[in-house]
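Beneath this line is the structure, given in structure tokens, with notes to follow.
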Number of protein chains: 2
Amino acid sequence: MAPETSKARRKPRADSLRNREKLLAAASTVFGAGGGQASLEAVAREAGVGIGTLYRHFPTREELFEAVYRNEVDILHALAEELLREQVEPVTALQRWIHASVRLFATKKGMIEALQLATQASDELKTYSMDKMTGSIGMLIDRGVGDGTLRDDIGPEDVFRALVGIYYSQNQSGGPTAALRLIDVFVDGLRKR
Amino acid sequence: MAPETSKARRKPRADSLRNREKLLAAASTVFGAGGGQASLEAVAREAGVGIGTLYRHFPTREELFEAVYRNEVDILHALAEELLREQVEPVTALQRWIHASVRLFATKKGMIEALQLATQASDELKTYSMDKMTGSIGMLIDRGVGDGTLRDDIGPEDVFRALVGIYYSQNQSGGPTAALRLIDVFVDGLRKR
DNA sequence: TGATAAACGGAGGGGTCCTCCGTATATTAT
DNA sequence: ATAATATACGGAGGACCCCTCCGTTTATCA
């Protein structure tokens, strides 16, 4: 009983799921280091699986890109939830989250370029990540607004836009440290005074 | 006597020069069709020379790109001179030249992208092509201004910028015919009234 | 008409892409 | 537990590409 959609299916094999995770992680580091056009065989090697397994999971390079990207976004979302659960003080929570996201994407520069340029990132992906990101930010600032530590006239989208701006400025000059400094200034400005 | 700079050198071999031209032409068509990351072996095949010869002439992919690009720019410059020499009526001359340039670059889309993105096009190249292009345009409009068929308040740079704008708009939507139509409108606007 | 500097071609080592299929294993049914 | 089988796995293999190296050919020059 309870087939997902039709034709009672087995449940997915555990090793398959495991390998998928391994591939995602490997792709993240390999693309991060070697740019978006790094060898897929290198990814498989790093993941410790056969090349065939990689191709079964991600038939095209673009699909792998997309999956990795989605994964990063999901990780950030999970982090936001964790920060909330742990009752971290709102301003520091927000600060930590933003730092994490900057660091995460800073290393993925090449990958992001590849994504945008090569595949023109499907609209679906764009809205997906947009929603997740603003959602995460929203959760974090709401708490701060609630307890009066953060101003209430700045929406999640505004913060997100500011972030994107900083990603870019950082890609050009100054390196990641400069960006993180700017972040701190920005977050400080979000405090209610 | 008369060594070019020092150490009396032989003059370059004729076959070498010929092959260089063949390679340039081949690269132009191959990159035009298959995008900027097309195989260099394909270029050599198309040119009918060995792969070794290609690498001797252009040690890196970027050097080949640059050379092809310079070559296209030079061709357009030569076309401008020819139109002048043949005393073609100024407005039609300008129109023809612009059409030619749009067509030439329209097929080279991938190549141009590759140039800009991959190698960040050396400043020297940029100013070189800028000068050549505005120079060509300058020659053509000067004649028109001289005989009173073209307005005299538009500089070559303005025309060039308009062109670039049209290259881009065309790359997105409508295809090359739409661009050519826009060109006609634009050139018509350049007429003295 | 040599001599010889210069250029040519392409084999070869190393790498990547992607497919295909025999083998191994997780699930499910008994 | 165990057998049956749907799934997933790994990696060999064919095709292509990069780039170097070097024996052979050829255009120049004396």
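All of the numbers you see were taken from the coordinates with simple rules; none came from a lab. Model, not experiment: these values are computed from the prediction. As a convention, Cβ positions derive from the backbone with ideal geometry for all residues, glycine included, and neighbour counts pool all protein chains shown.
Could you list which residues have their amide H under 5 Å from that of B:Leu150, counting only those 5 or more apart in sequence or on another chain, with H placed in the peptide plane?
Here the answer is B:Val145, B:Lys192, since their amide H atoms fall under 5 Å of that of B:Leu150.
Considering Cα pairs under 8 angstrom that are at least six residues apart, work out the relative contact order of the stretch A:14-59 and quote it in whole percent.
With pairs under 8 Å counted, the relative contact order is 37 percent.
Where a Cα-Cα gap under 19 Å defines reach, which aspartates and glutamates qualify for A:Lys126, not counting those fewer than 8 residues away within the same chain?
A:Glu62, A:Glu63, A:Glu66, A:Glu72, A:Asp74, A:Glu113, A:Glu157, A:Asp158
Near B:Arg151, within a Cβ-to-Cβ distance under 12 Å, what is the net charge of the other residues, with Lys and Arg +1 and Asp and Glu -1?
Residues near B:Arg151 contribute -1 overall.
Mind listing P(r) for the stretch B:14-59? All alpha-carbon pairs, 10 Å bins, whole percents.
All Cα pairs considered, the percentages come to 32, 59, 9, 0.
Counting other C-beta atoms within 10 Å, and keeping those with at most 14, which DSSP coil GluC sites (Glu not before Pro) do you find in the stretch A:1-102?
A:Glu4, A:Glu86
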